[in-house]
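The values are calculated or read from the model by the stated rules, or taken from the named source; none is laboratory data. This is a predicted model, so every value here is computed, not measured. Ideal geometry is used to build each Cβ from the backbone, glycine not excepted, and the neighbour counts take in all protein chains shown. Ligands, DNA and RNA are stripped out before the accessible areas are found, and what is left, the full protein with its side chains, is counted by its heavy atoms. Shrake-Rupley method; radii C 1.70, N 1.55, O 1.52, S 1.80 Å.
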Amino acid sequence: MTQPLDRAWEAITGIVRAPRPDGSPPDSIRPLFAADPARFDRFSRRRDGLLLDLSKTAITDEALAALLDLARAADLEGKRAAMAAGEAVNATERRAVLHMALRAPRGSGFRAGEEDASADVQAVLERMQAFCASVQGGRLLGATGERFTDVLNIGIGGSDLGPAMAARALWTPDCPMRPHYLGNVDAHAWEALRPGLDPRRTLVLIASKTFTTQETMANAALVRGWLAEALGEEGANAHLAALSTNTKATAAFGIGPDAVFPFRDWVGGRFSLWSAIGLSLALALGWERFARLLAGARTMDEHFLSAPLADNLPVLLALAEVWHVNGLGYPSRAVLPYDERLARLPAHLQQVEMESLGKRVTTDGAPVGRATGPVVFGEPGTNAQHSFMQLLHQGTTPVPADIILVARPDHPHADSHRKLLANGLAQAEALMRGKTEAEVRAEMEAAGAAPDEIERLLPHRVFPGNRPTAAILLPRLDAFTLGQLVALYEHKVFCLGALWGVNAFDQWGVELGKQLAGAILPELEAGAPRPGVHDGSTEGLMREIGRVQPVEGVRSG
Ligand code: F6P
């Protein structure tokens, strides 16, 4: 007997296999606007100032109904309740998933098993706030008695991308401290930062959930050496703080409990921006802005937890992704923030989405049987237009795009901002509308082109159109709206995990590379690959590295 979930998936495939009743293809968007002048109103939703417009997708009433059936058949609401109740929804790691607790007000009652998660969160937030007040108020000084002016966050992945993205979006010159982020184990990154930093005035946060990550520990050692050279070993320690779940390892590193800001294992790395991992933001932006960031996310949480599925922004965004990935077979998605301050948002979302949804088995370990997380990439507009947008307009496979627009700028250059918005709106319109042969011909004729020239260029100048975009419009970009925006994507990821039946909260796929790097490192140190251990290519490359430019300890082969 067919189960409701199978039937729901079949209904979606059925819709995209047949032309619509009016004869238009199921992936076409243009005819939907022609047939329904109210389409924008019917396919967009507002929540606390944030607008989500899905009208420039090929989703029809029938498709939306089928997608909502899928959400019900997948028990999305039940799974959401289980997450909020602190059940171990991250089944492979037997962990609760409670990033919502991080931004909930005191007494919210989030629990992880026996543990009062909300009380734990408040206790750490209070310590973070007091620490910020001491640093910013000049009560906590550097080893030489100078005030801290710069905060350097050493971390990678979730211990870097979220805070770095938010700092890029929200930092202004009137903020209390300057934030810096060191992620890559490539010491060129440190060498690029070092000249801009004064060890006497730099506070260093070692941000690592596990406190074992190779890149972070290597960079922590480099930076501690730099501090120690200027301030002595004891002085260096006075400039260090740790953000981690692993308090044993932070103690072993020599960081005293007063300078350790913990969080719990129910905070996933890529969802940890709101936890102690956000301390660089609280220091650099000021507590008020950090609190507004949490408040914005909280508003989205409340909406996500309570709004009906058909009006629920994260649910709708997730259903649009299902429509594109599973219905229409589009394997990637672009994120195009039309705001330079959101330049690092695509990078953050790449981790939030691809580390969560790049899965091929269900939570039970069975093959998932359908496409899951798409490739996510992006750049701010308008830069993207002069880079990869050609492929979105005329490539062979449609790439849905999220176009993020900010209505009001925080600079006085109204004309520049109008140009920016005009471009964002135009890209979405062009992707959907396209340009037909007849339109190209008429345009070229009007411009006086010769008939043979028109025929020669015609195929190159046609745009297929019907390429979908989801528009997200923020009234302005501030800490609150950024919190809303990021939480919107976090919950979208949760929904997709529920719809595809995969665990969106583990990341076993990153382990093999770490293991192999651990095995290769001593061979590079020894100067030669162990014979017969690697494939011929890896072995050949290792020998070549030694030959071309031996690093210390690597002999030429
Ligand atoms: O890339 C794997 C990963 O475990 C991410 O999930 C995580 O955000 C990152 O490494 C950093 O881990 P940690 O915070 O433990 O140093």
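In this structure the amide hydrogen of residue 207, modeled in the peptide plane, comes within under 5 Å of the amide hydrogens of 154, 155, 243, none closer than 5 places in sequence on its chain. Checking every one of the trypsin sites (Lys or Arg not before Pro) in region 350-431 against DSSP loop status and a limit of 14 other Cβ atoms within 10 Å picks out 360, 370. Converting phi to 3J(HN,Hα) with the Karplus coefficients 6.51, -1.76 and 1.60 and the offset θ = phi - 60°, region 400-415 yields x, 9, 8, 9, 9, 10, 10, 5, 10, x, 10, 10, x, 9, 4, 5 Hz in sequence order, with x at every glycine or proline.
Taken per residue, the accessible surface of the chain reaches 44 Å², heavy atoms only and a 1.4 Å probe.
Distance from the alpha carbon centroid of region 446-463 to that of region 493-526 works out to 50 angstrom. When its C-alpha radius of gyration is set against 2.2 N^0.38 Å (N residues), region 21-108 gives a value of 1.54.
Gyration tensor analysis over the Cα atoms of region 449-523 returns equivalent ellipsoid semi-axes of 43, 28, 16 Å (largest first, whole Å).
Reducing region 368-402 and region 267-298 to their Cα centroids gives an inter-centroid distance of 29 Å. Across region 244-362, Cα-Cα pairs more than 23 Å apart make up 49 percent of the total.
Note on residue 175 and residue 343: the extension gain reaches 58.5 nm, defined as 0.36 nm multiplied by sequence separation minus the Cα-Cα distance. Within region 328-406, the proportion of C-alpha pairs whose separation exceeds 15 Å stands at 60%. For region 41-58 versus region 107-180, the spacing of their alpha-carbon centroids is 34 Å. On the principal axes of its alpha carbon atoms, the chain extends 76, 61, 59 Å, with the longest extent given first. An ellipsoid equivalent to region 98-179, defined through the eigenvalues of its Cα gyration tensor, has semi-axes of 28, 17, 12 Å when rounded to whole angstrom and sorted largest first. A Förster radius of 30 Å combined with the Cβ-Cβ distance from residue 188 to residue 233 puts the calculated FRET efficiency at roughly 0.70.
Per residue of the chain, the DSSP helices (runs of n ≥ 4 H) give a summed -39500 (n - 2.57) that works out to -14000 deg cm²/dmol at 222 nm. Using θ = phi - 60° in the Karplus curve 6.51 cos²θ - 1.76 cosθ + 1.60, the 3J(HN,Hα) couplings for region 390-395 round to 3, 5, 5, 7, 10, x Hz; x is entered for Gly and Pro. Output the 0 to 90 degree angle, nearest 10, between the alpha-carbon long axis of helix 161-170 and the longest principal axis computed from the alpha carbons of the chain. Result, in degrees: 80.
Using R0 = 45 Å, the C-beta based FRET efficiency linking residue 3 and residue 114 works out to 0.80.
Only lysine pairs 8 or more places apart or on separate chains count here, and in the chain those with Cα atoms under 17 Å apart total 5. The string of couplings for region 227-241 from the Karplus curve (6.51, -1.76, 1.60, θ = phi - 60°) is 5, 5, 4, 8, 10, x, 4, 5, x, 4, 4, 6, 9, 10, 9 Hz, one whole number per residue in order, with x for Gly and Pro. For the chain, the longest principal axis of the alpha carbon atoms and the long axis of helix 479-500 meet at an angle near 70°. Leaving out ligands, DNA and RNA, what percent of the accessible area of region 1-155 is carbon and sulfur, probe 1.4 Å? Its accessible area is 52 percent carbon and sulfur atoms. Let me check against my output: what whole-number percent is the relative contact order of region 182-247, with C-alpha pairs under 8 Å and at least 6 apart? Relative contact order comes out at 42 percent.
Packing order of peptides 176-188, 64-76, highest average first: 64-76, 176-188 (average count of other Cβ atoms within 10 Å over each peptide's residues). Taking amide H as placed 1.01 Å from N in the peptide plane, residue 476 has its amide H under 5 Å from the amide H of 407, 408, each at least 5 places away in sequence or on another chain.
Near the amide H of residue 332, within less than 5 Å, lie the amide hydrogens of 375, all on another chain or at least 5 residues away, with H placed in the peptide plane. Surface composition of region 245-353: carbon and sulfur atoms hold 53% of the protein heavy-atom accessible area at a 1.4 Å probe. With the Kirkwood sum run over all distinct C-alpha pairs, region 166-226 has a hydrodynamic radius of 12.8 Å.
Here the calculated FRET efficiency for residue 30 and residue 288, from their Cβ-Cβ distance with R0 = 45 Å, stands at 0.45, rounded to the nearest 0.05. Take region 416-557, compute every pairwise Cα distance, and split them into 5 Å bins from 0; I just need the percent in each bin. In whole percents, the pair-distance histogram is 2, 7, 9, 8, 8, 7, 6, 7, 9, 13, 12, 7, 4, 2, 0. Relative to the longest principal axis of the Cα atoms of the chain, the long axis of helix 437-446 makes an angle of roughly 90 degrees. Normalised by residue count, region 171-314 yields a Cα convex hull volume of 139 Å³ per residue.
Taking label points 7 Å from Cα along the Cα-to-Cβ direction, residue 362 and residue 51 give a separation of 4.0 nm.
Over the chain, Cα pairs under 8 Å with separation of 6+ residues give a relative contact order of 17 percent. For residue 513, what is the net charge nearby, where nearby means another residue's Cβ is under 14 Å from its Cβ and Lys, Arg count +1, Asp, Glu -1? Here the count lands on -2.
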